[in-house]
Amino acid sequence: MKKSVMSLIRGVVLFLGVALSGMSMVSAADLISEAGKKLSLTPTMIKSIEQARQEQRDALKKENGELEKIFKERGKKLTADGEDAKNKLAEVKQRVTQSPTSTFLLKKQELLSKKTGMVSDVQRAHDGVLRAIGAHIVLLDQYLAESTQKQGQKMNAQFGSFEGLEDLEQKVEDEHTRTEQLKKKKEALAKELKSIKQVAESKEQEYAQKVQEQEALRKGESKSVPGLTAQQYSELLSLALDGAALAKELAVAQLQEKQQEVALAENEFFIAKIRLDDLEAALRTVKPSIVVTAEQIENAKEEVEKKQQEFLTTKARYSEELERVKKLRTEKEARLKTLSARYGISVDVELYEWRFEPKSTYESYVGLCATGLLGAQVQLLDAQEKRIERSIDLEREKVEYFQELVDIKETYYKLAMRRFGSREAIAEASKKYIEKKTALEAMLKTHQTKKDEADATVIRLQNQVLERIKKRRDDVQAQKDTFFKQHAKEFLTCLAQLDRAREYTVSRSELLESIVKSYTESIGILQKSIGHLRFILAELETSTIWARPPYAVSWAGIKNSAVDIDLFAADVRLYFAQFSLPAVWSSIKAGLRYIDLFEFILGLGFLLLVLIVSRFSLPVLTRWLFIVGKKHTGWSTFFLFWAMFFSFVVHYFARIAVWVFLLFVFALYPIADPYLYIIFYLLSIPYLLYLSNRLIAHMKAFNVKYDYVFVGADFQKRVLALASVLLYASVFIAFFRQAFVLAKYPKSELPDILLAINFIIFQLSLIFLISKEQVLSVIPPRPEGWLWVKEQVNRFYYLILACVVTVIVMSNPYVGYGKLVLHVISQLVYTAVLIRILFWAHSLIKGAASHIFFSQEEDEAARERFLYAKSWFGLIIIFSFIVLGIGGLLLAAQIWGWPITVADIRFWLTEPIIARGTTTPISADAIMQVVFFVFGGFLVAIGFNRFVLQKVFDLVPVDSGLQHAISSVLRYIIIALAIFLGFQSVGLVGMITYLYAVLLVGIGYMAKDSAVDFIAYFIILIQRPVKVGDYVKIDEHTVGVVRKITPKSVIIVRRNSTPIIVPNSYILGKPIFNWNYARDFTAFDDISVSISYSEKDPAKIRKILEGVVAGHPLVLKSPKPVVRLDGFGDYGYQFVLRGYVSSVHTLALLEIASDVRIALVNKLQQEGIELASVVVSIVGQSDSKKMD
């Protein structure tokens, strides 16, 4: 075992050494990964992000200045052309009125019209280009004005508290949403740009076609047009050419505008991504530093308590004001109702919005003004009432916001301190916050709707109602010299009332605006509360077993991996198809502007020096490692491994040095073209695979040559095979991943997937490195528990291995189900412990019940302590199994996170199973009640028979068979009554008849024989052809005592205690010998005696025999025994003896007959009387010859 363990350890060390060497070779990719990250965002330069954006802004400013000059000059020309076209169009229109059928004039009018409109469109397009460039410059100015470092410091300071952390989480979410929106906007603009390019190309073709037509006309090659002279056609063609040129210019301007919009959208998206990255970085920095203490929570609770008290005080003050306003409003409404009745004006929207038209009398105007004024007062009071109620609600929402914040803080504190007792507590908290979030979102919608309604009311008041009041005042003023000529006082009163109504309406508008502001504030509070709830829900979600790290790969990413690889391969093929040495040389030369040539040459010189020194020093180092490895036996594997590795490097030094030199060249010299790096990565894969193959072969040869210094011969093949797989996979995955990353597919998750695969291969290689035999060899042989473990491992090794592999894969960080795996494993352990406890408890109950119901002495079988002990023992075992099973199920559900409450059990029991929707549905609870009554009926029947009937039978002598019949009939009556009561308790009395009918039909159809036996059972109980205790004989083999009569059969026990089960129908259908049926005595079987003929007095012999039979104490004197000479045999007299005994001793007939025989033999010997015997003569062969 020790040798096996040491071999395993050496194998693992060797495997890790190979993995380390592979990782060191693969990690060379990191040396140029930074160069890949430094690749420019533009295809020609390498520069910092800020520098690139600054140059882009400067270029835009320069372009904007140039375009302003161009468009300014072009605008003057376009303006002049437009004015000229308008003048010509006016002239043509005038001529068209004179010659409306002229084809030339109509066509010219159409072309001039288009030209006029086109000129305006081109000018607007130019303005749009400049506007887009200006917006782009403003965006870049804002971006460059922000310092990333200062912004990060500002964020860390700004969000350094718990509330700030929540705000930061919300900002991250909002910025993420904005980034997605900008991404969609960029994609939409890209599609629009593509369509505009097609339009520009078509306009270019139309312009070229017009130029060709004009050239053909100039050369005289054009065809004549019907209805037009050559001069007219030339003039129209010139106008069409101008229109085509303007259309082309318009398309180009629109294309420029759209290109600027696309560039703007790309920069917006880029800057949003940077801001999102900054926010996420700040979140990662701030979040671990946020500490919520119990003291802070207590202080916050005290602060909330103060705010609650302040709110109650404020609410009381608002309530008093609200009561006063309500009271005043009631009074005003009563007066309004009186005025409405007096003047016949309805109190409705027509009145409140001053749409009621008065009659042409001064009384009507007076009534309208008075009623309208009172209506305005009522509406103003209504607005005051709403404003007060809104203020109360706002204050309450503020307090609730702080209460919610404290609760969230406390939950966050529990999460941070791991104070949640179980996963169920986390789930309960999540459920609570989800419900709150749903309620707040519904309230937010309601507040938004009410805010919009109040906004609409304010607009209506300001734009319509006030205008109507003003118009009504103007109407009254206009009627001063008509209706109000004789009523100056009423005239002034109406004007004053209208002015006051206007003031009330303005005040009401101001109150509604304050209500709108209040709703706006409430909406802000609710949005913050919802944001806080989202934050804590996200935190709770990360604490659940299903939570995965943010960097874990998604199923969508896995599904898209094949598509990403195909796209990458297509891009590489396209690059090779478009490969150009001049372009490559340009990229290489471009790098000279951005590196220090002296540092580059110095770096290469240092690399060459290192390679030269390594070439001459590595052989010496290898020999030294050999010597040290042989001397230090404890570290021999370590030193000899590096000796082997360096000897491999020496052997393949030239090939390794070439690759290393190229690696450092690519790492030190920046090249703008990323595909050169990609090609180097891809070509490195087969090259390094070849070197890896040679390394494995060299390792194998080294191990064999030096007497299996690393691993034994039996283990070598396994170690090298797994090392090869790991080394090849690591090389391929690492370099292919780096090449793929440089191709820049930001949406792809393939790099993370490849990392996950590489890590999983490493883990699985370690697992498969250990064989089944090695695992079994390390398990100790003692104590006995380890032997059981060894047997289980040997039996289920591959199943255990599959489980281990599954755990490894699921626990991989990039797969992200480590919490789930840990939870499942822990719950399985808890479940196994629970099952073991339940089995132990059941065994304990079984042992205790066995001790209670059975007694067992040494070397004896267990015996029942009392009647029906076996039945009670079985019931207790079954009941305990059910109880423990149900309890175990409840505990297991609790362990696995599906707690079953009393309410759940009550719901399941009361939920209808059958006859849903009827007046008498049947549920599990109803079925259990019926079963309970039936079981109770059995218990009552047993108790009644034992404690009532047995007492009666002890006092009144009753035959045992009758006792059994009475007990059985009463038992079934009690059980039937219990069934009736059970159905009555659940309201199903009406179903009993149908149930019995169905049972009878079913029994009759499915079990005809059983039904016959059941009927025969009652016939036997009533007619009593046999009864318990009777000694009966049905045939030669069915003889014995009736021990039990059941609804199915009669149990007969033979003399040798063998039970015979006879169907009841068989009893009634066959002749039966029943010694106990109708007599009080019975006779034993006749005894035959043969007396020798040597005795001469048969009468004397008869008297002797009579005396022997009569002398037995159990033989009855009346009737007296019978002895008779039955015949003359071959060898003597044949006497038959018969004696009668009481039926009480029926079961002792055989013993009595045996006693009589023994007494008979003894008496005959005393009297000297011989029994007749058979004489056999044997004649030999010799005797027979003599006889012959």
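Looking only at the stretch 1121-1146, count how many residues are part of a helix (DSSP H, G or I), exposed (fewer than 15 other Cβ atoms within 10 Å of the Cβ) and either touching a Phe, Trp or Tyr at 6+ places or on another chain (Cβ under 8 Å) or of a type in the set (K, R) (or both). Result for the stretch 1121-1146: 0. Reported count of residues in the stretch 920-943, each being of a type in the set (S, T, Y) and part of a loop (DSSP other than H, G, I, E, B), is 1. Would you check if K437 is within 30 Å of K819 (Cβ to Cβ), touching a helix residue (DSSP H, G or I) at 6+ places or on another chain (Cβ under 7 Å) and at pLDDT 85 or above? Against the criterion (within 30 Å of K819 (Cβ to Cβ), touching a helix residue (DSSP H, G or I) at 6+ places or on another chain (Cβ under 7 Å) and at pLDDT 85 or above), K437 qualifies.
Put simply, of I627, I671, I678 the only residue that is modelled with pLDDT of 80 or more, surrounded by 13 or more Cβ atoms within 10 Å (Cβ to Cβ) and not aromatic (F, W, Y) is I678. Residues that are outside the structural domain of V563 (by TED's automatic domain parsing), of a type in the set (G, A, S), surrounded by 15 or more Cβ atoms within 10 Å (Cβ to Cβ) and part of a loop (DSSP other than H, G, I, E, B) are absent from the stretch 799-813. Working only within the stretch 712-747, note down all residues that are free of Cβ contacts under 8 Å to residues at least 40 places away in the same chain and in contact with a Pro (Cβ under 9 Å, 6 or more places away or on another chain). Result: R737, single match. Of all residues being in contact with a helix residue (DSSP H, G or I) (Cβ under 8 Å, 6 or more places away or on another chain) and in contact (Cβ under 8 Å) with a residue 60 or more places away in the chain in the stretch 1099-1148, which is nearest to A1083 (Cα to Cα)? Just the residue, please. Result: V1141.
Scan the stretch 410-431 and tell me whether some residue there is more than 30 Å from I297 (Cα to Cα), loosely packed, with under 15 Cβ neighbours inside 10 Å and free of Cβ contacts under 8 Å to residues at least 12 places away in the same chain. Looking for residues that are more than 30 Å from I297 (Cα to Cα), loosely packed, with under 15 Cβ neighbours inside 10 Å and free of Cβ contacts under 8 Å to residues at least 12 places away in the same chain, one finds none in the stretch 410-431, hence no.
The set of residues from the stretch 476-486 being surrounded by fewer than 16 Cβ atoms within 10 Å (Cβ to Cβ) and not aliphatic (A, V, I, L, M) comprises Q477, K480, D481, T482, K485, Q486.
With a requirement of 2 or more residues that are assigned by TED's automatic domain parsing to the domain that holds G1139 and within 60 Å of the chain's Cα centre (by Cα), none of the strands (runs of 3 or more DSSP E) lying completely within the stretch 1006-1120 satisfies it. So is Y745 modelled with pLDDT of 90 or more and touching a Leu at 6+ places or on another chain (Cβ under 9 Å) or not? The answer is no for Y745.
Evaluating G961 against the criteria (1) modelled with pLDDT under 65; (2) surrounded by fewer than 17 Cβ atoms within 10 Å (Cβ to Cβ); (3) touching a Lys or Arg at 6+ places or on another chain (Cβ under 8 Å) leaves one unmet condition, (2).
On the basis of being touching a residue at least 60 places away in the same chain (Cβ under 8 Å) and either of a type outside the set (F, W, Y) or touching an Asp or Glu at 6+ places or on another chain (Cβ under 9 Å) (or both), does L787 make the cut? Here the answer is no, as L787 does not meet what is asked.
Which one of these is crowded, with 17+ Cβ neighbours inside 10 Å and modelled with pLDDT under 85: L105, L189, L182, L144? From the options L105, L189, L182, L144, the qualifying one is L105. Condition first: outside any helix (DSSP H, G or I) and over 30 Å from M443 (Cα atoms). Can you find one or more residues in the stretch 361-370 that meet it? Yes, the stretch 361-370 contains at least one residue that is outside any helix (DSSP H, G or I) and over 30 Å from M443 (Cα atoms). Just to be sure, is S1143 within 30 Å of V1041 (Cα to Cα), in contact with a Ser or Thr (Cβ under 6 Å, 6 or more places away or on another chain) and at pLDDT below 85? In short, yes. Every residue in the stretch 1023-1068 that is at pLDDT below 75 and more than 16 Å from T1146 (Cα to Cα), please. Result: Q1023, single match.
The values are calculated or read from the model by the stated rules, or taken from the named source; none is laboratory data. Please read these numbers as outputs of a predicted model, since none were measured by experiment. Note that we place each Cβ from the backbone using ideal geometry, even for glycine, and neighbour counts take in every protein chain shown.
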